[in-house]
Structures are given as C-alpha cells and as structure tokens.
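The values are calculated or read from the model by the stated rules, or taken from the named source; none is laboratory data. As the structure is a computational prediction, the values presented were derived from the model and not from experiment. Note: ideal-geometry Cβ built from the backbone for every residue, glycine included; neighbour counts use all protein chains shown.
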C-alpha cells in the first residue's frame with residue numbers, strides 16, 4: 001500500500017519588519033520667542049514645562065531637534081498642530 | 001480662570017491697529033506658504049493646506065476684532081478664556097511671521113534676533129515703524145504667556 005503522500009507544509013518564512021518610525025522635527029526660528037515655543041510644545045506634545053524647555057533649548061543650540069517619534073499618522077497630526085502654532089515643523093522618516 | 005487682559009496706550013493701539021489692517025490679510029497666506037506640507041498624498045496635502053488656511057484666517061479675524069474692541073486709554077483687550085488666549089498667541093505669531101517675510105525680507109535672521117540693535121537712523125522710517133510694531137506684538141505675546149503659562153518663562 002502506497003503510503004499517502006503527505007504534502008509537506010510550506011515552511012513559514014514570514015519576515016516581521018517593524019513599521020518605520022517617523023520623526024517630528026522642529027527647526028530653530030528667529031521669530032518666535034523661547035517662551036512661546038515652550039507653550040506650543042506643552043500644548044501640542046502634552047508635556048510639562050521642564051521637558052518642553054529642554055527641547056526648546058536643544059533646538060536653539062543645535063538648530064533642530066526631533067521632538068517626537070512614532071507612527072506616521074500620529075506624527076502627521078503633531079506636525080500639523082505644531083505648524084498651526086507657526087513653528088517650523090516637518091515630518092521625516094526614521095533612517 | 002480669570003479673564004486675560006492686555007493693556008496698551010491708546011496711541012499704541014491705534015498704531016498697531018493700522019498696521020494690522022495692512023498685514024493681517026497676508027498673514028494667512030504667509031503661514032501656509034511657510035509650512036512644510038507633506039506632498040506624497042494629494043488628499044492629505046489638500047486637507048493640510050485647508051486646515052492651516054482656515055485657522056490663520058480665523059486668527060486674523062480674532063486680532064482685528066480684539067484691537068477694534070479695545071477702547072479707552074489705556075486700551076484694554078480682554079480675552080475670556082484659555083482657548084481665546086491660545087488663539088491670540090498664535091495670531092500674534094502669525095503677524096510677526098508676516099512682517100518678517102513681507103517687510104523685513106532683506107534683514108538676516110541673526111539681525112532680527114537682535115532687532116533692538118537695528119532700530120537706528122540707517123533704516124527707512126516705515127521699516128523702523130514696522131520694527132517697533134513687531135517688538136510690540138512680541139511684548140503682548142510675552143504678557144499673555146506670563147498670565148497663562150508663567151511656568152514656560154524662565
């Protein structure tokens with residue numbers, strides 16, 4: 001009796017790749033006062049004054065800083081909200 | 001929360017109102033032009049521009065109404081709540097951005113950051129005038145932040 005031919009199960013070769021992260025980047029600008037930038041960060045990023053000040057100082061010193069990293073949808077919303085505060089914010093894919 | 005008050009002399013109010021009449025209509029366009037809008041998705045880009053334009057137009061209207069309603073000497077602008085205060089802060093930022101792009105286009109960022117050093121006889125009268133208004137709008141913004149979010153100031 002012939003042995004039933006058992007189809008071998010296809011080997012799973014699923015590659016799990018992490019969803020790309022997106023950065024919310026804010027550039028330094030000479031128009032908005034530091035206190036105003038801190039207020040914008042507190043309201044948009046929902047962070048306290050000390051963290052908002054740390055980010056603001058980083059931008060002032062470096063010319064730019066990533067203020068948030070995560071999903072594309074959320075990053076897009078945050079960039080739009082920061083632009084509504086007239087900050088020079090942009091969306092960048094994580095390298 | 002108590003109402004927010006911005007006080008200025010009657011003369012300052014008149015000068016700032018006159019400048020606002022000129023610059024506010026352009027402020028919305030300037031803020032949209034400056035924004036880095038993701039262009040990959042046409043629908044998203046359209047929504048993005050629409051959102052920024054609508055908000056900037058509303059802010060320009062808010063400023064015009066506030067300054068027109070500030071009577072007396074000293075003139076006082078009264079804002080009822082935090083939401084109005086935030087909108088006013090953003091509106092003042094939009095006007096300063098518009099002045100930067102439309103009036104001070106030939107002044108470098110570094111010079112503008114130390115604008116107090118610029119206010120001398122070498123500048124044309126209308127530019128010195130606009131520079132004084134630019135500084136005044138900044139002072140109003142600082143005063144509002146001190147009332148709303150004192151923890152944001154050093």
Exercise. Within the range A:27-44, restricting attention to residues that are over 15 Å from residue B:140 (Cα atoms) and not in a helix (DSSP H, G or I), which residue is nearest to the other protein chains (Cβ to nearest Cβ)?
Worked result: A:30
Problem set entry | Candidate set: the range A:70-95, residues that are outside any helix (DSSP H, G or I) and more than 9 Å from chain B (Cβ to nearest Cβ); chosen: the one surrounded by the most Cβ atoms within 10 Å (Cβ to Cβ) | A:92
Exercise. In the set A:55, A:27, which member is surrounded by 16 or more Cβ atoms within 10 Å (Cβ to Cβ) and in contact with a strand residue (DSSP E or B) (Cβ under 9 Å, 6 or more places away or on another chain)?
Worked result: A:55
For this session: Among the helices (runs of 4 or more DSSP H) lying completely within the range B:48-154, list those that include at least 2 residues that are modelled with pLDDT of 90 or more.
Result: B:82-102, B:125-148
Exercise. Residue B:109 fails exactly one of the following numbered conditions: (1) within 17 Å of the chain's Cα centre (by Cα); (2) within 9 Å of chain A (Cβ to nearest Cβ). What is the number of that condition?
Worked result: (1)
Exercise. For the range B:56-84, what are the residues that are buried (at least 21 other Cβ atoms within 10 Å of the Cβ) and within 14 Å of another protein chain (Cβ to nearest Cβ)?
Worked result: B:56, B:59, B:60, B:63
